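Written below as structure tokens is the structure these notes are about.
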Amino acid sequence: MSAPVLVLLGPPGVGKGTQGDRLAEKPGWVRLGTGDLLREARREGTELGRKAEAYMDEGKLVPDDLILGLVREKLEELGQETRVILDGFPRTDIQARGLDELLPDLGRTVDGVLLFEAPDETLVKRIAGRRSCPECETLYNVYFDPPPEEGKCGRCGAELFHRKDDRPDTVQGRLDVYREQTEPLVRYYEAHSAELLPIAGEQGMDEVWDQVRTSLRDALGLEV
Ligand code: AP5
């Protein structure tokens, strides 16, 4: 049997990256975060990065064909024994269908979808307070999880940055894009029989992690 594939679904700022990183610290797990992969492509100045730039800064979705090509390439690089966390993908009906066509070629299926939810005011505050490390990608939050020294990564010392798409004028647009284009995937997965595992994302990071572990154990028999 091939190793599990999990999807992390939920609005911007709900904590998908935070919980995905915790899971990826466990042996055998790899997190593929499409947002992180796109930001890396931009830093490296690749063709994909250049094409994605304007969409990302405006809080819009990058075209499906670019995203599906990126995810296919990354999944093909991983062996079947790697446990995969898809963070921020799929985000549209076309992406979900594309994933369902791609996975059988790789001997895999979507085993579970962790659905993170939190009120909009929580999301807006978390996004406003987020600081990211450009080197090791560690996440911080000036309100909830500050770095040991202001503005500096506690892990590698690099200067932290505030994502361009985290500006207040872009955030509402990203929430609207989520509600219009990504939230309908809940119905898609209900109809396509992947386990849908609701997670109350407004709780503290450790409480959310406990929910993730319990859900994976109870619904999918996965101990993490
Ligand atoms: P992406 O990077 O995927 O952004 P997102 O989905 O908008 O998600 P975020 O990274 O904003 O939030 P998160 O849920 O990961 O929260 P986090 O853990 O950081 O995408 C960016 C852009 O790339 C898109 O707008 C689009 O342009 C493009 N893109 C990416 N994928 C695409 C796709 N598939 N198709 C098309 N375009 C795509 O937490 C947020 C903050 O809160 C952090 O500071 C954290 O420390 C803090 N925090 C987390 N959990 C808690 C907690 N429980 N309590 C208190 N604070 C917390």
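Some observations on this one:
- Remark on the chain: ratio of C-alpha radius of gyration to 2.2 N^0.38 Å is 0.97.
- Each Cα pair under 8 Å and six or more residues apart adds its sequence gap; the mean of these over the residue count of region 1-135 is a relative contact order of 46 percent.
- Semi-axes of the equivalent ellipsoid for region 101-224, Cα gyration tensor, largest first, Å: 30, 19, 16
- Proximal aspartates and glutamates to LYS152, defined as alpha-carbon separation beneath 15 angstrom and excluding residues fewer than eight positions away on the same chain: GLU135, GLU137
- Taking the Cα centre of region 1-50 as origin and assigning +1 to Lys and Arg Cβ atoms and -1 to Asp and Glu Cβ atoms, the resulting dipole is close to 100 debye.
- Per residue convex hull volume, Cα atoms of region 60-158, in Å³: 150 Å³
- Charge tally for ASP218 (other residues, Cβ to Cβ under 13 Å; Lys, Arg +1; Asp, Glu -1): -1.
- Per residue, region 84-224 exposes 52 Å² of accessible surface when a 1.4 Å probe is rolled over the protein heavy atoms with every protein chain present.
- Cleavage-rule hits, GluC sites (Glu not before Pro), region 130-224, DSSP coil, Cβ neighbours within 10 Å at most 15: GLU135, GLU150, GLU223
- Kirkwood Rh (inverse of mean 1/r, distinct Cα pairs), region 129-191, angstrom: 13.6 Å
- Distant-in-sequence amide H partners of GLY88 (H built 1.01 Å from N, under 5 Å): LEU8
- Dipole of region 34-105 computed with +1 at Lys/Arg Cβ and -1 at Asp/Glu Cβ about the Cα centre; of PRO63, LEU103, GLY45, farthest Cα towards the positive end is GLY45.
- Charge tally in the Cβ shell below 14 Å around GLU195, where Lys, Arg are +1 and Asp, Glu are -1, GLU195 excluded: -2
- Taking packing as the residue-averaged number of other Cβ atoms within 10 angstrom, the listed peptides 75-84, 117-126 run from highest to lowest as 117-126, 75-84.
- Highest mobility in the GNM of the chain, judged by mean-square fluctuation with C-alpha springs under 10 Å and restricted to GLY33, GLY112, GLY69, is found for GLY69.
- With Cα atoms as the point set, region 164-224 shows a radius of gyration and Dmax of 15.1, 42 Å.
- Long hydrophobic helices in the chain, taken as whole DSSP H segments with a C-alpha length of 30 Å or more on their own axis and mean Kyte-Doolittle hydropathy at least 1.0, are absent.
- GNM result for the chain, Cα springs below 10 Å: residue of GLY59, GLY45, GLY98 fluctuating most strongly: GLY45
- With a Cα cut-off of under 27 Å and a minimum spacing of 8 residues unless on different chains, the lysine pairs in region 1-140 number 10.
The values are calculated or read from the model by the stated rules, or taken from the named source; none is laboratory data. What you see is a predicted model, and the numbers here were worked out from it, not measured in a lab. Counting neighbours? That spans all protein chains shown, and the Cβs are built from the backbone with ideal geometry, glycine included. Remember, those area values only see protein heavy atoms, side chains included, never the ligands or the DNA or RNA. Shrake-Rupley method; radii C 1.70, N 1.55, O 1.52, S 1.80 Å.
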